[in-house]
Amino acid sequence: MLTLEICAGSAVSALRAEKGGAHLIELCENLPVGGTTPSIKLLQEVMASAKIRTHVLIRPRAGDFVYSNREIDEMISSIESVKNAGCSGVVIGALDRCGNLDEDAIKTLIMAADGLSLTFHRAIDVAAEPLKQIKKLIDLGFDYVLTSGQQPTAVAGIPMLKTMYEQFGNLIRIIAGGGVNSTNIQHIAMETKILQFHGSARKLASREALLPALQFGITGNQVVPVINEDTDLDEVKRLSGFCSSTNSF
């Protein structure tokens, strides 16, 4: 059976992922910038309300994946909070300025995460020689690597995803992510033979909100568009339905 991970940026999204049949969630905040470490408040809220297996993104900021010593210390502190909250795993990654794994930083994070499942995030998609880096991830003991095949989307990255799975699929679980949705998951699965998928299942639905006078410098009540980025339950159901109906390739 294929497995589905939903990237959840709120407690509402986590509960919808669980109700829709996802197998696990990656909890984070600030999805529009690729995700950052969620707040302790959100983490505790999700752990108190949802029973779904939860992996937590450990990323202190948006931007590149080259981190200072201060940022590494911040990530260690975040990992300790994740462990205390009872989460199942962490999603981590760090590169040096040449695009190789920052092995010293990663080993430090792995030590802090002792006992938790390890996923290397999409830093792999901007890494130099990604196949060489995946071999290192295997040696370091990672369970998963999340990737779009070094392309903006998993569909565009199908050739590299296929190569990754053929070379390493029996040694580390390759998770295809990046624009995965119910209209393309079958195509990605058939072309790559990958068994794990990652998506946000978001429905960017505009609604109208009335702003009070003088707010944001306006002089009277105005109607403005507001974007809802929570996970869409029906989309989760469509994705999980495909995964549960497909045994293997």
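The values are calculated or read from the model by the stated rules, or taken from the named source; none is laboratory data. None of the values given here were measured: they were computed from a predicted structure. All Cβ positions, glycine included, derive from the backbone under ideal geometry; neighbour counts span all protein chains shown.
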* Any residue in the range 97-117 that's in contact (Cβ under 8 Å) with a residue 60 or more places away in the chain: show its pairings with residues that are surrounded by fewer than 18 Cβ atoms within 10 Å (Cβ to Cβ) and in a loop (DSSP other than H, G, I, E, B) at Cβ separation under 9 Å, as long as the two are six or more apart or on different chains. => Ser117/Ser88; Ser117/Asp143
* Asked: Cys87 is checked against (1) without any contact (Cβ under 8 Å) to a residue 60 or more places away in the chain; (2) more than 22 Å from Pro152 (Cβ to Cβ); (3) touching a strand residue (DSSP E or B) at 6+ places or on another chain (Cβ under 8 Å) and fails just one. What number does that condition carry?
  -> (1)
* Structure fact -> Filtering the range 132-159 down to residues that are under 19 Å from Glu191 (Cβ atoms), surrounded by fewer than 19 Cβ atoms within 10 Å (Cβ to Cβ) and either in contact (Cβ under 8 Å) with a residue 60 or more places away in the chain or of a type in the set (Gly, Ala, Ser) (or both) yields Ala156
* Which ranges mark the strands (runs of 3 or more DSSP E) fully within the range 84-182 that have 3 or more residues being modelled with pLDDT of 95 or more and of a type in the set (Val, Ile, Thr)? -> 89-92
* Asked: Take the residues of the range 179-200 that are within 15 Å of Asp232 (Cβ to Cβ) and in contact (Cβ under 8 Å) with a residue 60 or more places away in the chain: which is surrounded by the fewest Cβ atoms within 10 Å (Cβ to Cβ)?
  -> Ser182
* Quick one: which of Leu4, Leu31, Leu27 is under 21 Å from Asp64 (Cα atoms) and touching a strand residue (DSSP E or B) at 6+ places or on another chain (Cβ under 6 Å)? -> Leu27
* Structure fact -> Scanning the range 57-74 residue by residue, those crowded, with 17+ Cβ neighbours inside 10 Å and either closer than 12 Å to Leu109 by Cα or not hydrophobic (A, V, I, L, M, F, W, C) (or both) turn out to be Ile58, Arg59, Pro60, Tyr67, Ile72
* **Thr54 vs. criteria closer than 21 Å to Ser148 by Cβ, surrounded by 15 or more Cβ atoms within 10 Å (Cβ to Cβ) and either at pLDDT 95 or above or of a type in the set (Gly, Ala, Ser) (or both)** => no
* Report whether or not Glu80 is within 14 Å of His55 (Cα to Cα) and assigned to a helix (DSSP H, G or I). => yes
* Index of the failed condition, Glu129 passing every other in (1) surrounded by fewer than 21 Cβ atoms within 10 Å (Cβ to Cβ); (2) touching a Ser or Thr at 6+ places or on another chain (Cβ under 7 Å); (3) under 27 Å from Lys107 (Cβ atoms) -> (2)
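Taking only the range 1-24 into account, find how many residues are outside any helix (DSSP H, G or I), out of contact with any Phe, Trp or Tyr (no Cβ under 9 Å at 6 or more places or on another chain) and polar (S, T, N, Q).
Number of matching residues: 1.
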* Can you pull out the residues in the range 30-50 that are surrounded by fewer than 21 Cβ atoms within 10 Å (Cβ to Cβ), modelled with pLDDT of 95 or more and not in a helix (DSSP H, G or I)? -> Thr36, Ser39
